[in-house]
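Note sheet for the following structure.
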Amino acid sequence: MKFAFFRDKIVPMEDAKIGIMTHALNYGTGCFEGIRGYWSEDRQQMYVFQLREHYERLLHSCRSLHIKLDYTLDDLCNITVKLVRKNGYRQDVYIRPLAYKSEEKIGLGLVGIEDDFAIYLSPFGDYLDVSEGISVCVSRFRRLSEHSLPPGAKLTGVYFNSSLAKADAINRGFVEAIMLSSRGNVAEGSGENIFMVKNGKLYTPPVSEDLLPGITRKVLMILARKDLGLVVNEKVFKPKALFTADELFFCGTGAQVSPIVKVDNKKIGNGKIGEITKRLQEAYFTVVKGENPKYSKWLTPVY
């Protein structure tokens with residue numbers, strides 16, 4: 001990590017610091033995005049994936065927290081491209097924009113508390129194993145209800161819930177956890193959306209099941225329908241449905257398309273990456289690397 005955007009300017013990463021009394025640090029009053037930049041060696045180009053869509057969601061999250069940014073959507077996109085270019089990486093990166101209550105103040109609340117905005121980025125490879133598949137468990141922790149937080153907002157404070165699930169999974173010898181909604185239905189992973197393949201059709205829980213409406217989730221639904229000709233259903237299903245699935249996978253900015261080969265030590269399908277998951281992986285990586293001109297509008301070139 002070389003440079004960050006902090007307090008209205010690009011600064012060396014070591015100068016982007018906040019105090020221990022910062023409201024967001026103490027009370028979780030911030031919101032964020034995770035954005036991928038993909039390096040294409042063939043094209044000598046960095047492509048930032050779904051940049052505007054991520055910032056549209058960030059602005060929605062900001063409104064939920066009464067955070068007022070001094071930047072337009074175009075400003076945020078332009079600042080990000082400038083920062084990525086300044087860092088000069090020739091490899092895949094992860095970009096983290098963060099809007100937060102920056103006032104050094106003790107006391108709960110959202111209204112009338114100072115706001116700030118920052119961006120940093122880091123070289124970033126595979127967050128989960130996209131080549132061999134992962135072993136996961138059904139978590140004992142449930143997703144926070146949509147009645148407990150603003151729907152569709154990506155809030156820093158909410159992620160303690162997902163962190164509990166992931167820590168518990170790791171302590172039990174698994175890589176990740178599948179979380180249930182407040183109603184007891186399958187919701188998502190601890191930070192990733194989930195898809196199930198059964199009888200050649202694709203299923204994913206609806207956003208009403210306490211899940212974040214993922215941007216990668218939406219992209220994969222488009223690719224599945226338009227490029228692979230698959231039927232895609234948003235459908236409520238119980239945990240027992242996981243064990244009868246032909247294939248399962250997580251998706252998200254970090255996870256990308258991550259096959260699940262075991263749940264609670266039980267094989268999914270034949271215990272290997274399924275054919276539809278493979279095809280979606282290939283379609284996704286072709287898009288994000290700039291190799292499919294049909295979806296070039298989803299990419300923002302940096303250099």
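Odds and ends about this structure:
- Among the residues of the stretch 17-64, those identified as in a loop (DSSP other than H, G, I, E, B), surrounded by fewer than 18 Cβ atoms within 10 Å (Cβ to Cβ) and either of a type in the set (D, E, K, R) or in contact with a strand residue (DSSP E or B) (Cβ under 6 Å, 6 or more places away or on another chain) (or both) are Lys17, Gly19, Met21, Glu41, Asp42, Arg43.
- Number of the exception - Lys86 against (1) within 18 Å of Met13 (Cα to Cα); (2) within 16 Å of the chain's Cα centre (by Cα): (2)
- Any chance Ala16 is more than 22 Å from Pro213 (Cα to Cα), within 20 Å of the chain's Cα centre (by Cα) and outside the structural domain of Glu192 (by TED's automatic domain parsing): no
- One residue alone among Val257, Val261 is touching a helix residue (DSSP H, G or I) at 6+ places or on another chain (Cβ under 8 Å), outside any loop (DSSP other than H, G, I, E, B) and β-branched (Val, Ile, Thr), and that residue is Val257.
- Per the listing Asp264, Asp246, the residue uniquely surrounded by fewer than 17 Cβ atoms within 10 Å (Cβ to Cβ), of a type in the set (Asp, Glu) and under 30 Å from Arg140 (Cα atoms) is Asp264.
- Members of the stretch 279-294 that are surrounded by 15 or more Cβ atoms within 10 Å (Cβ to Cβ) and of a type outside the set (Gly, Ala, Ser): Arg279, Leu280, Gln281, Tyr284, Phe285, Thr286, Val287, Val288, Lys289, Asn292
- Among residues of the stretch 26-43 that are within 18 Å of Lys154 (Cβ to Cβ), those with a beta-carbon under 9 Å from a residue that is outside any strand (DSSP E or B) and among the acidic types (Asp, Glu) at least six positions away or on a different chain give the pairs Arg36/Asp92.
- Considering the conditions (1) free of Cβ contacts under 8 Å to residues at least 24 places away in the same chain; (2) within 20 Å of the chain's Cα centre (by Cα), Thr253 is excluded by exactly one of them, (1).
- Counted residues, the stretch 268-295 - those being aliphatic (A, V, I, L, M) and over 19 Å from the mean Cα position of the chain (by Cα): 3
For (1) basic (Lys, Arg); (2) surrounded by fewer than 17 Cβ atoms within 10 Å (Cβ to Cβ); (3) touching a residue at least 40 places away in the same chain (Cβ under 8 Å), each residue gets a yes or a no:
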| site | (1), (2), (3) |
| --- | --- |
| His66 | no, yes, yes |
| Asp74 | no, yes, no |
| Cys77 | no, no, yes |
| Val84 | no, no, yes |
| Gly88 | no, yes, yes |
| Ile95 | no, no, yes |
| Ser102 | no, no, yes |
| Leu108 | no, yes, yes |
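- Which listed residue is in contact with a strand residue (DSSP E or B) (Cβ under 7 Å, 6 or more places away or on another chain) and either in contact (Cβ under 8 Å) with a residue 40 or more places away in the chain or not assigned by TED's automatic domain parsing to the domain that holds Tyr284 (or both), from Ile178, Ile215: Ile178
The values are calculated or read from the model by the stated rules, or taken from the named source; none is laboratory data. On a predicted model such as this, the values are computed, not experimentally measured, just so you know. Cβ sites come from the backbone with ideal geometry, for glycine too, and all protein chains shown count toward neighbours.
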